[in-house]
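*Asks:* Can you keep this structure in mind? I'll have questions shortly.
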Amino acid sequence: MIADVLTPLLPGVPLLLGLAGLALPPGDRAQAGNRAQAGDRAQAGNRALPAVGRARPGNRPAAFLGIAGAALALLVAVVLLIVADGPVSVSTTWVSFGDLDVTLGFSLGPAALYVAVAVGVVALCVQVYSVGYLHDDPRYAPYAAQVSLFTGAMLLVVSANDLVLLLVGWEVMGACSYLLIGHDRRLPEAPAAAVKAFVVTRVGDVGFLLGIAWLAVDAGTFRIDELLARTGAPTVALILILAGVAGKSAQFPLHTWLPDAMAGPTPISALIHAATMVAAGVYVVFRLFPLFAQSPATLAVLGVMGAITLLLGALAATAQDDLKRVLAWSTVSQIGYMTGALAVGSPAAALFHLLTHAAFKALLFLAAGAVIHALGTNLMSRMGGLRTQMPVTFWCFVAGLGALAGVPPLAGFWSKENVLVAAAHATDGDGPAPAWVGWVVWIAALLGVALTAWYATRLLLRTFFGHVRSRTEDWLVGFADARYDVPPGAAHDPPRVMRWPMLLLAVPAVLLGLAAFLPGFRSALELESPHLSVSVVAPLLLLVVGAGTAWWLWHTAPGVDPAQALGRLRPLFAAGFHLDDLQDRLVVRPVRALAEAVRLTDERVVDAAVEGTGSTTTRLGAVLATAHRAALPRAAVAVFTGALLLGVVAVIVGAAA
């Protein structure tokens, strides 16, 4: 009974509080007053900055609603995890289209509840962290409300038992990502990045919508549990759904929006990359996996897509100078691990890596925000020597990057090992996917281990080791989303309101992998018992080679970027293999040219025909009106002339006949 009541509240609470937050004033007026006061202080020679880490009085209601929404959602998820003995299902008919019923249906199994807990933890950390990070932002109130809506939409995707309800959450997430990526209106990159994310994901969503409609019409129901009980799902419908997954989860070839989305505030990057947007596609395939398992062709497409994305993201991450872009490309690569695991028939390994990735990637983004907050720049070329100045942030980075690279016994080691073992087993061809898919995913995943270790070590060395770099006039370059005028002096760790969320996320980034030894967690995700066999030797060797190579390059030429060793490949990797340019040439420019041709056709043919008809009629009417107004003698002459001409014609025709 309690579970039946709490299940709809899981997405409902953050959605309702988010809508309430949107009704709050944005705070622009208050900020204008603050700016005026700051100007007065500047004139008086007092350039003291506002205290960091405390919400402005006008922002407190927004902060309360945002934090309360995330905290209550997390509380509901934890209570459901404790009280529910099995899957919880609640449903009522919403609307009917002929024989097709659309239901307000929710279903939460143990695995979904663990995902909901992960979403709640990351969202709560992001909301608390944002109080300090955006303390001086004039648009904090809509920001906090949109984060709540984003969280509720992801929880709706997690809990929905109806494809239409799932689609509602899916699309609300897309709208919220558009608003949040374009949050900072000062940055010229922000609106362009928001539009790009919206358009690219919409391309995939067209396929997603068609795939859902095809599945529902074929099965005669929108209910997911009834769909999963059927056999023989149409392969084309499943591939269409994969298009939506590629868009939302930033998979090749629709991955190009994610690095540019770094124009959004850093806490939003943590939320998008860790617990909501990019995780949604992986979760949908996990939820519908019994259907995907019936189609080897679909799993083959997923496997190739995952393997390409895994290597593409890892190689691009090796050459970035922007701290956030390294993490963004890293997310693209790690999602490739998850889709690869799904392709080889191991949804449990995919979900396990989704959970560990949520912890360590959220930690890394929040720690990156602390660095940006302290220095006012994103570029690693302007960083260095922060290890002693920011010890808490440094150790958070060590934990997060270690988990990302798969250093034992951190969380990423155990989940990545599950993916590698699943791919190795799939090479036998005993699973739902063809054997060659297993080989493709396994080889890509092994290479990805070395590449991940290389760029993670490079990031750590360039940011926290070496000499402290001096500030220059062109310091503020890149996506400087820190709004603060950083005062001169040594960098320091962030205030408590930003530090505690980082420390909280460091715990699962380090320990969550050990949950695989807990029978309850293992049975919920249907994971196999952890076993350290000879199969871990190859990944560990590749890990040592990748990290050791980056360290050796740094040690040999202190202060020199190890990416210099990439030579002519560096610009190619830094540009993401120029796939943006390729899409621009093959898709954007032809579409714009077609749109321009349509516009010209509309203006010069359709509009010209309509306007020409009107103007011709008007002129003809004017001529007739002129003739109608002619003087009586002239009109009589015209009438008689016409009668005479008609008579002549009649005579001629009669004679001829």
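The values are calculated or read from the model by the stated rules, or taken from the named source; none is laboratory data. All of these numbers come straight from a predicted model, not from anything done at the bench. Neighbour counts are summed over all protein chains in view; Cβ atoms, including those assigned to glycine, are modelled from backbone coordinates with ideal geometry. Remember, those area values only see protein heavy atoms, side chains included, never the ligands or the DNA or RNA. Shrake-Rupley method; radii C 1.70, N 1.55, O 1.52, S 1.80 Å.
*Asks:* Go through I2, I372 and list them by solvent-accessible area, largest first, probe radius 1.4 Å.
*Replies:* Values: I2 105, I372 0 Å².
Descending accessible area places them as I2, I372.
*Asks:* Note down the accessible area of T616, probe 1.4 Å, to the nearest 10 Å².
*Replies:* Result for T616: roughly 80 Å² accessible.
*Asks:* Any chance you could look up the accessible area of H425 with a 1.4 Å probe, heavy atoms only, rounded to 10 Å²?
*Replies:* 100 Å²
*Asks:* Name the residues whose placed amide hydrogens come within less than 5 Å of the amide hydrogen of A160, ignoring near sequence neighbours (fewer than 5 apart) on the same chain.
*Replies:* S107
*Asks:* Something else now. Given only helices, namely DSSP H runs of n ≥ 4 each adding -39500 (n - 2.57), what is the per-residue ellipticity at 222 nm of the chain, to the nearest 500 deg cm²/dmol?
*Replies:* -23000 deg cm²/dmol
*Asks:* According to the square roots a ≥ b ≥ c of the eigenvalues of the Cα gyration tensor, what is the shape class of region 137-230, taking rounded for a/c under 1.5, prolate for a/b larger than b/c otherwise, and oblate for the remainder?
*Replies:* The shape class here is oblate.
*Asks:* In degrees from 0 to 90, rounded to the nearest 10, what is the angle of the helix 189-219 Cα long axis to the longest principal axis of the chain?
*Replies:* Once rounded, one gets 80 degrees.
*Asks:* Carbon-plus-sulfur fraction of the accessible area of the chain, 1.4 Å probe, in percent?
*Replies:* Using a 1.4 Å probe with all protein chains present, the chain comes out at 69 percent carbon and sulfur.
*Asks:* Here is a follow-up. With the cut-off at 1.5 for a/c, could you classify region 244-310 from its C-alpha gyration tensor as rounded, prolate or oblate? All intermediate terms of the calculation are to be shown ahead of the outcome.
*Replies:* On the way: a/c = 3.58, a/b = 1.83, b/c = 1.96.
It comes out oblate by the Cα gyration axes.
*Asks:* Each label point is 7 Å from the Cα along the Cα-to-Cβ direction; what then is the distance between the points at S533 and V639, in nm?
*Replies:* 11.1 nm
*Asks:* Taking square-rooted eigenvalues a ≥ b ≥ c of the alpha carbon gyration tensor, is region 543-656 rounded, prolate or oblate, where a/c under 1.5 means rounded and, failing that, a/b exceeding b/c means prolate? Could you put the intermediate results ahead of the total?
*Replies:* Working: a/c = 10.97, a/b = 5.38, b/c = 2.04.
Prolate shape, in that a/c is at least 1.5 and a/b is the bigger ratio.
*Asks:* Please give the contour-minus-distance gain from T617 to V591: 0.36 nm per residue of separation, less the Cα-Cα distance, rounded to one decimal in nm.
*Replies:* Length gained between T617 and V591: 5.6 nm.
*Asks:* Can I ask one more? Arrange the peptides 153-163, 182-192, 131-141 so that the one whose residues have, on average, the most other Cβ atoms within 10 Å appears first.
*Replies:* 153-163, 131-141, 182-192
*Asks:* Given R₀ = 45 Å, FRET efficiency for S89-L446 by Cβ-Cβ distance, to 0.05?
*Replies:* E(calc), rounded to 0.05, equals 0.65.
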